[in-house]
Amino acid sequence: MNYILFDDRRNNLLPFTYTRPVSEIRCGILTITEKWAHHLDGEISFLTEDYLQVKYPVNYTAENVYINGSIIPDESLLAVIERMEEGDLLFHLEKEKVIAFKSNQKVDLDNLESFQFVQHNYENDFLDINDVWDIFSKNAEALKQDFLLLTEGRVSASLDETNTHIGNDLFIEEGAIVQGAILNSTSGPIYVGKNAEIMEGSVVRGGLALCESAVLKLSTKIYGATTVGPFSKVGGEVNNSVIFGYSNKGHDGFLGNSVLGEWCNLGADTNVSNLKNNYAEVKIWNFEKMGFKNSGLQFCGMMMGDHSKSGINTMFNTATVVGVSSNIYGGGFPRNYIPSFSWGGADKWVEFRTNKAFEVAEKMMERRGIPFTEADHAILTHVFEVTKSHRNF
């Protein structure tokens, strides 16, 4: 069977979906794509924006199942999708969301009604990502699901006797190093991935997903459903945040209720506010309405797109949104929406020229042995062009 993960709520999930399909968002231990791949027997490809298809291609065959890439799979949903026949469309009335459909044709997502599908309504609830804050606010549940998925029937590597462990749900992959740490998994599972490391003095209250080759540096404090994606480094204090991968918060400073994309770097003592002084409900920049949107949350930190950086001692206001390839530094609090390819801080902003931005990206990726490809160049160039009107400095 050929499976195609299609984008949904994409504009609500910017800036992260500027550089990836919706299903490539990480929530829990795995990306949504990886979750589906674990369950499905067949090829998976992506139906996304044209400029992203060069890196994330779509593959059509004579028999295709299209699946909403914002939805996290569960056993009940999988069972229904596997029984779908040609021309079936699965819909959730309460969420007003197309879940999946089966077609032997190339389907225009903006014109589904012309294909005359037979609609079947699905009434069970499921986990899905509709807004950027869902990534961290639903991370606890997604982490629990992924922990069961990845550890069922397996035996953890042994925990070094220099550690203190409270609770039961701890799994350590082969090659991981954990020494001199305090691990409490009573409030959520702790997963330590292949070749990951927790340095001595670190204190973790689960849930935690420390993915492959990620590192918690000396005396790191983690609490509240946090994901540290592959090859990322984290230090200081982190609460209920998701780091997609290849990003660093290597020093002291607070990050809470936040999401960092890939190839980000937070300078030493960068601090993020996750609560307003008046305890009011948080409003956050939304790219769908090009204005601020009520989140319904009291706690919300920072959303930072791929390849963005902060300098030493940078301070971010509650519910700050940073676009792609921006560089923030200097004293005071910068604005709480920082467009893509911005360079500066509270005192002054200028446009971050693409040749300089690409040079930084190439150097950072090279350190991890990953090339900055022509596809990456084309995607970031497109993002630069479509966000020009946002940079009203």
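Readers should treat all values here as calculations from the given coordinates under stated rules, not as data from a laboratory. All values reported here derive from a predicted model rather than from experimental measurement. A quick note on method: Cβ atoms are made from the backbone with ideal geometry, for glycine too, and the neighbour counts reach across all protein chains shown.
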For the chain, modelled as a Gaussian network with Cα springs under 10 Å, which listed residue fluctuates most, SER241, SER70, SER295? SER295
Does the range 137-250 come out rounded, prolate or oblate, given a ≥ b ≥ c as the square roots of the eigenvalues of its C-alpha gyration tensor, rounded meaning a/c under 1.5 and, failing that, prolate meaning a/b above b/c? rounded
In debye, nearest 20, what is the charge dipole magnitude of the chain about its Cα centre with +1 on Lys and Arg Cβ and -1 on Asp and Glu Cβ, if you could check? 1660 debye
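When each pair of different Cα atoms in the range 134-390 is counted once in the 1/r mean, what is the Kirkwood radius in angstroms, to one decimal? Walk me through the numbers on the way to the answer.
On the way: mean 1/r = 0.0532 Å⁻¹.
Over the range 134-390, the inverse of the mean reciprocal pair distance is 18.8 Å.
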Please give the Cα centre distance for the range 1-72 versus the range 313-353, rounded to the nearest Å. 30 Å
R0 of 51 Å, Cβ-Cβ distance TYR60-SER219: FRET efficiency to nearest 0.05: 0.50
Which lysines, if any, have their Cα less than 21 Å from the Cα of LYS102, not counting same-chain residues under 8 positions apart? LYS35
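Label the range 2-128 by shape, choosing from rounded, prolate and oblate, from the square roots a ≥ b ≥ c of the eigenvalues of the Cα gyration tensor; if a/c is under 1.5 it is rounded, and otherwise prolate applies when a/b is larger than b/c, oblate when it is not. Working shown, then result.
Numbers: a/c = 1.36, a/b = 1.17, b/c = 1.16.
Cα axes put the range 2-128 in the rounded bin.
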In nm, spacing of pseudo-spin labels at THR164 and ARG367 (7 Å Cα→C-beta vector): 3.4 nm
What does the extension gain come out to for LEU112 and HIS377, with contour length at 0.36 nm per residue minus their alpha carbon separation? 92.1 nm
Gain in span if fully extended, ASN278 to GLU43, counting 0.36 nm per residue against the direct Cα distance: 79.6 nm
Give the aspartates and glutamates whose C-alpha is closer than 13 Å to that of LYS217, dropping any in the same chain fewer than 8 places away, or say none. GLU197, GLU200, GLU237, ASP252
In straight Cα distance, which lysines are under 17 Å from LYS221, not counting same-chain residues fewer than 8 positions off? LYS233, LYS249
Which percent, to the nearest 5, of DSSP beta bridges fully inside the chain are antiparallel? 20 percent
